[in-house]
Amino acid sequence: MWLEILAVIFNLRTLNAAIRMSTPIALAAMGGAFSERAGVINIGLEGMLLVGAFAGAVGSYATGSALLGTLLGVAAGAATAAVFSIFTVEFRANHVVAGVGINILALGLTTWLMQVVWRTRGISPAVARVQSIRIPLISDIPVIGQVIGVQSPFVFVMIALIVGGWVLLFRTPLGLRIRMTGEHPEAADTLGINVRFIKHFSVILGGALCGFGGAYLSIGNIGRFSMGMSAGRGFMGLAANIFGQWNPIGGLGASMLFSYADAVQIRLQTMEIALPHQIIQMIPYLLTIVILAGGVVKSRPPAALGNHYRSGGGT
Amino acid sequence: MTRKTDETTLPAGARSRPSSSSEAVRSALTELGLSAFAIVLALVISALLMVTLGYNVALAYQSMFRGAFGSLHGISQTLLRATPLLFTGFAVAIAFRAGLFNIGAEGQLYWGALACALVALTVEGLPQPIAVGLPLLAAGIAGFLWGAVPGILKAKTGAHEVITSIMLNSIAIFATTHITSRYFKAPGAVDQTERIVAAAVMPQIIPGTGLTAGILLGVAIAALVAWFFGHTALGYDFQAVGRNADAAEYGGVSSKRIQVLAMGFGGIMAGVAGGIVVLSLLNRFVANFSPGYGFTGIAVAVLGRGNPWGVVLAALLFGALDSGGMSMQLFARIPSDLTIVVQGLVIILVAAPAALRAMVRWRKPKVEPVDVA
Amino acid sequence: MHAVELHDITKRFGTLVANKAVHLTVTRGEVHCLLGENGAGKTTLMKILFGLYQADSGSIRVNEKPALIRRPDDAISLGIGMVHQHFMLVPRLTVTENVIAGSEVSRNGFLDMNAAVEDITKLAERYRLRVAARARVENISVGQQQRVEILKALYRKADILILDEPTAVLTPQETDDLFEIIRRLKSDGKTVIFITHKLRETMAISDRVTVLRDGAVVDTLNTAETTPAELARRMVGRDVLLRVERPPSDIGEPLLAVRDLSVASRFGTAVESISFTVRAGEILGIAGVEGNGQLELEEAIVGLRKVSSGTMTVRGKELGSGPDARRMVGMAHIPSDRLRRGVVPDFSVAWNLILGSQWRSPFSRNGAFSRKQINEHAERVVAQYGVRCGSIEAPVRSLSGGNQQKLVVARELSRKPEVVIACQPTRGVDVGAIEYIHNQLLAMRAAGKAILLISAELDEVRALSDRILVMYEGRIVAERSSDAGESELGLLMAGHQAEAG
């Protein structure tokens, strides 16, 4: 048995699956990174993923085009985030409460609307989906080819987005402003930085990323929407973001680690090796707690995370 | 830099005045008024949604109201569904008062339910009060232990209780499923335990309706919580830590101890919620049974604005939504999941009192704390 | 040529009027002091000029042109820069990042850090603001952080620089350096508005001075033509009454004794082997520039901070750990930061008056409150100490600063303590409350209690204390009697032990 387990662990197909599975989690993690770097705690990632998945499927169903579906998913994720940011930034809603509200609202809306659209509560009929692509030269390279040679276009776009997100956050003026806003909004304000704009921008960008990740879930892979299909991936993204130290690339690394464990577990399950798979599924969450408790590396969230800031005395 | 826990970062529910008096009553009424306004607004938004999609709004709300309050059966259903929410609402509200966010009620509920079911499998032959009481005690203890973990992590390492609680929720669900399927699985496809012994089933207060004594226990707990926060030194310490931890330390209160206790007490409530679901609804532990009682508890606490009787009202409202939703689906042919939409809207609206105030223009002259040095 | 003209500026916060019809004219190229007590409205006025607050009425002209300043970036583009009392710096970012944020140096849309570092180094050299451009702000000293703040303003080409209580956190040496920098800025043609409540600094650095009291302008004077006494009179509205009546008292046995007390801090040692005794009927004053270990000393004595070594005794008995053990042996504590430590603003007056006694009889029995006892106690104390509040159920948040402080003093003194640790007891309260609190402390002294007074206000320490210890960099550097001269004590506080004798 141990030999078989090792064979699964060191298997390129497992790695291929892990990258695929990490896509929505890494996107949610980056969504969380932008939001939290600007000082907004975002528990609503889960709901934004779910809305993206639903809108992606509906768009694809209505237009027959998976591309248009994806765009609708991105837009819906961004719109959900916009509601969230208006309430948290403009109306100074408690971030966690509003985030919980977004999650419940997203679950209610998507479950309700899927019955309105498809008259079914459970799994939608098949809709147009984005096909995996084979990259001609890369797929022929022995090891790399097996891992990323044949993948969904979502995976490639995700990797590009992660790198782009990192550059935006750490190498551009806008990124510096975002980081300053999350650390010390008053300082940012006194430097003439528009704190409200930065917060809205970051949260909505995060929502768009979740929307994209959600669209991958529904139309990037199976081509259907199912009730509550985000299934905790938004919370996993939340964990991956912390694990990755509020850095998109770190978040991707953490998502890959989590997904790898999951991929191994799933493959072992299909091989009917009786490993307690729930225990393997716990690993990401346990690791995140250990990280948060300062067990491995010191985690340091943005200093003004969760605070409200309003410039001016108010009249 | 230290994390500022100023007033605005506290949950809205933690803001009602701590000691009862005419002033406190007035502010509580204002708060409840805001909550009521949020509910109305959520119903209006949902109505707009229904109109847009061509549903009959009047019929929908009529059948919903009738389903929830129109008959003895409906009322019983409302109360029955409100019961676990009442407890998870307190699970969140108690921690709120100490300035902590117990988003982990869901996980605490699972452990409470499992512990309760396992004890309730063994109480054969005991008199009914004990046969019911022992499993509930086990549920409370399990909830306390799991609930205290984020409190301990926060006290020892500063890890944010919101994030650790979320992680612990997932862990609890996986762990209880694993334990059930591996060690206590009843024959069949579903991961669930055997049926609990008959004596442990919670007695019904209106025979034939399914409504059990759990709701009475819930109301008793509300009175207990109100007394705890208004009339005890420990309740004082909880709120002192919640409002100003540095001043609490000055007053001889160990805020770390209070953090652990507050999360633990919240855990007791969530654990008992799980226990009550097992003893009155499921009569066994079923893996993954919760439709999100713990998360709805956050809504209940926020809507009740941390006020014990507000929590009772909020739980009743959500119970009514739940039971009314069924009848809406039946008579107006509108999927009952719309009630979840209403719940979500209510939470978001209640989270932002500033938005509600702006809408009703209850603009009292407000002295903002400003540095005028 | 006027750099800034404020006309008829009024600003309210709820019922509080922070600025009343203020007129202020600042001439280009001058150093203009805004002098006033805490709460006089100086900072609010400057935050309006900088666009952080909006005036309710009035108008602003900058460089002789009408100016509409709605946000800080409006002020910045008009050449106004502000150095805030609480630094607006992000500890985990570098000096350069802190300076350039909002006006970044970029190339093709990306940050150009090397160019930015070069710019800032050049700018710093020009004004001799020594600071390492690549260092993280959390790793540099407070004085350097202030230079970063000045750099931020200069980098944005500020011609008009507002400095809000800039010396509050500085050592005397750093203050001298700052004054050098200000003179250099002035000679470079910049206009400096300097907010302070310190007369000596006003006399030393300003060309003109505008005195504010209760939100209104009292007068604008040429510094060369005025005297500290005249300024003080205008600041407080009457001859300074700090010469309180301190009758002789019978000094008795030692009540509080501290031996070789050391307290560690994040950056090393905050308090280094301090010893002293406070006797019955005595006020022992500890003078010092803020940030020389007074806070750590305070917290160690009252049990809110771990000590690294040393002993503390009350009536010869060693103190246990934590604030509760202190209260048991009759120690009362007026904390230096009342909003942080002294009160729970959301709690009612009655509940705040039992803070620290909430588990004690008669207020609670086995942990259950006696509402009757709590309310009776509150009514009694409020009446006796003249705390003005709507009712004992009113949240303390709704009380004025002076009444909040009176409440703290009332709570602590009504415990009938043997030893009183009074820290910055009159900070941020009005003159009337200051007088009241001073008299209360003197009454405790007359009643044979031991009082330790830790205060950054030298005048207060001199007026109240029987003996004065001077604290500098965590040590007691001198002991003087109450008639020691202000200048001698000032030098000691600045660390000039040799010259002071």
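The values are calculated or read from the model by the stated rules, or taken from the named source; none is laboratory data. Because the structure is predicted, anything quoted here is derived from the model rather than measured. So basically every Cβ, Gly included, is an ideal-geometry build from the backbone, and we count neighbours across all protein chains shown.
What do you reckon, is residue C:435 more than 14 Å from chain B (Cβ to nearest Cβ), at pLDDT 95 or above, on the phi < 0 side of the Ramachandran plot and surrounded by fewer than 19 Cβ atoms within 10 Å (Cβ to Cβ)?
No, not satisfied.
So which of C:397, C:380 ends up being more than 11 Å from chain B (Cβ to nearest Cβ) and more than 24 Å from residue C:246 (Cα to Cα)?
Of the residues listed, the single one that is more than 11 Å from chain B (Cβ to nearest Cβ) and more than 24 Å from residue C:246 (Cα to Cα) is C:380.
Just name the residue that is nearest to the other protein chains (Cβ to nearest Cβ) out of those in the range B:337-361 that are assigned to a loop (DSSP other than H, G, I, E, B) and at pLDDT below 90.
Ranking the candidates gives B:352 first.
Looking for whichever is assigned to a loop (DSSP other than H, G, I, E, B) and surrounded by 24 or more Cβ atoms within 10 Å (Cβ to Cβ) here; the options are A:40, A:51, A:130. Which one fits?
So the residue among A:40, A:51, A:130 that is assigned to a loop (DSSP other than H, G, I, E, B) and surrounded by 24 or more Cβ atoms within 10 Å (Cβ to Cβ) is A:40.
Would you check if residue A:83 is touching a residue at least 24 places away in the same chain (Cβ under 8 Å), farther than 28 Å from residue A:144 by Cβ and of a type in the set (A, V, I, L, M, F, W, C)?
no
Out of (1) without any contact (Cβ under 8 Å) to a residue 60 or more places away in the chain; (2) closer than 30 Å to residue C:84 by Cα, what's the single condition that is false for residue A:203?
Residue A:203 satisfies every listed condition except (1).
When you scan the range A:100-112, do you find a residue that is in contact with a helix residue (DSSP H, G or I) (Cβ under 6 Å, 6 or more places away or on another chain) and away from chain B (no Cβ under 14 Å), even just one?
no
For residue A:158, only one of the following conditions fails: (1) within 30 Å of residue C:111 (Cβ to Cβ); (2) surrounded by fewer than 18 Cβ atoms within 10 Å (Cβ to Cβ); (3) in contact (Cβ under 8 Å) with a residue 40 or more places away in the chain. What is its number?
Failing condition for residue A:158: (2).
Need the failing condition index for residue A:180 against (1) within 14 Å of chain B (Cβ to nearest Cβ); (2) surrounded by fewer than 18 Cβ atoms within 10 Å (Cβ to Cβ); (3) over 19 Å from the mean Cα position of the chain (by Cα), just the number.
(2)
Kindly indicate the residue of the range C:9-43 that is on the phi < 0 side of the Ramachandran plot and free of Cβ contacts under 8 Å to residues at least 40 places away in the same chain and also surrounded by the most Cβ atoms within 10 Å (Cβ to Cβ) among those meeting that condition.
Ranking the qualifying residues of the range C:9-43, first place goes to C:13.
Quick check on this structure: which one of A:169, A:176, A:161, A:105 is farther than 30 Å from residue C:103 by Cα and not in a loop (DSSP other than H, G, I, E, B)?
Exactly one of A:169, A:176, A:161, A:105 is farther than 30 Å from residue C:103 by Cα and not in a loop (DSSP other than H, G, I, E, B), namely A:105.
Considering (1) within 11 Å of another protein chain (Cβ to nearest Cβ); (2) touching a residue at least 60 places away in the same chain (Cβ under 8 Å), say which one residue A:231 fails and leave the rest.
(2)
Whether any residue in the range A:4-11 is part of a helix (DSSP H, G or I), crowded, with 24+ Cβ neighbours inside 10 Å, touching a residue at least 40 places away in the same chain (Cβ under 8 Å) and not acidic (Asp, Glu) is what I want to check.
no
Of all the residues that make up the range B:151-210, how many are within 22 Å of residue B:291 (Cα to Cα) and in a helix (DSSP H, G or I)?
20
Suppose we keep only residues that are at the interface with chain B (Cβ under 7 Å from one of its Cβ atoms) and either of a type in the set (Val, Ile, Thr) or part of a helix (DSSP H, G or I) (or both) within the range C:329-349. Which one would you say is surrounded by the fewest Cβ atoms within 10 Å (Cβ to Cβ)?
Only one residue fits best here, namely C:340.
Can you find even one residue in the range C:416-424 that is modelled with pLDDT under 85 and touching a Pro at 6+ places or on another chain (Cβ under 7 Å)?
No: the range C:416-424 contains no residue that is modelled with pLDDT under 85 and touching a Pro at 6+ places or on another chain (Cβ under 7 Å).
Yes/no per residue for (1) hydrophobic (A, V, I, L, M, F, W, C); (2) in a helix (DSSP H, G or I); (3) within 19 Å of residue B:86 (Cβ to Cβ):
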| site | (1), (2), (3) |
| --- | --- |
| B:256 | no, yes, no |
| B:262 | yes, yes, yes |
| B:271 | no, yes, yes |
| B:289 | yes, no, yes |
| B:296 | no, yes, yes |
| B:312 | yes, yes, yes |
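Going through the range B:125-159 one residue at a time, which ones are surrounded by 19 or more Cβ atoms within 10 Å (Cβ to Cβ) and of a type in the set (Lys, Arg)?
B:154
Tell me, please, whether a residue that is surrounded by 24 or more Cβ atoms within 10 Å (Cβ to Cβ) and not aliphatic (A, V, I, L, M) can be found in the range A:13-22.
For the range A:13-22, residues surrounded by 24 or more Cβ atoms within 10 Å (Cβ to Cβ) and not aliphatic (A, V, I, L, M): present.
If you take the residues of the range C:207-230 that are in a strand (DSSP E or B) and polar (S, T, N, Q), which of them is farthest from residue C:4 (Cα to Cα)?
Among those residues, the one meeting the criterion is C:222.
Please find, among C:356, C:428, C:367, the residue that is small (Gly, Ala, Ser) and over 29 Å from residue C:314 (Cβ atoms).
Testing whether each residue is small (Gly, Ala, Ser) and over 29 Å from residue C:314 (Cβ atoms) leaves just C:428.
Does residue C:215 satisfy being loosely packed, with under 14 Cβ neighbours inside 10 Å and either at pLDDT below 95 or within 25 Å of residue C:10 (Cβ to Cβ) (or both)?
Considered against the rule, which asks whether it is loosely packed, with under 14 Cβ neighbours inside 10 Å and either at pLDDT below 95 or within 25 Å of residue C:10 (Cβ to Cβ) (or both), residue C:215 comes out as no.
If residue B:200 satisfies every condition in (1) modelled with pLDDT under 90; (2) buried (at least 21 other Cβ atoms within 10 Å of the Cβ) but one, which is the exception?
In the conditions (1) modelled with pLDDT under 90; (2) buried (at least 21 other Cβ atoms within 10 Å of the Cβ), residue B:200 misses (1) alone.
Test residue A:67 against the criterion of being surrounded by fewer than 24 Cβ atoms within 10 Å (Cβ to Cβ) and within 20 Å of residue A:159 (Cβ to Cβ), and give yes or no.
yes
Do the conditions hold for residue B:237, that is, is it surrounded by fewer than 24 Cβ atoms within 10 Å (Cβ to Cβ), of a type outside the set (A, V, I, L, M, F, W, C) and at the interface with chain C (Cβ under 10 Å from one of its Cβ atoms)?
Taking the combined requirement at face value, the residue does not satisfy it.
Residue B:278 fails exactly one of the following numbered conditions: (1) surrounded by fewer than 24 Cβ atoms within 10 Å (Cβ to Cβ); (2) at pLDDT 95 or above; (3) not charged (D, E, K, R). What is the number of that condition?
Answer for residue B:278: the failing condition is (1).
Take the conditions more than 14 Å from chain B (Cβ to nearest Cβ), under 23 Å from residue B:248 (Cα atoms) and of a type in the set (Asp, Glu) and apply them to residue C:296. Does it pass?
Spelling it out, residue C:296 is indeed more than 14 Å from chain B (Cβ to nearest Cβ), under 23 Å from residue B:248 (Cα atoms) and of a type in the set (Asp, Glu).
For the range B:75-124, what are the residues that are among the hydrophobic types (A, V, I, L, M, F, W, C), assigned to a loop (DSSP other than H, G, I, E, B) and surrounded by 24 or more Cβ atoms within 10 Å (Cβ to Cβ)?
B:98, B:100, B:101, B:103
Any residue that is more than 20 Å from residue C:455 (Cβ to Cβ), assigned to a loop (DSSP other than H, G, I, E, B) and either at pLDDT 95 or above or touching a Ser or Thr at 6+ places or on another chain (Cβ under 9 Å) (or both) - is there at least one of those in the range C:312-321?
Yes: one or more hits.
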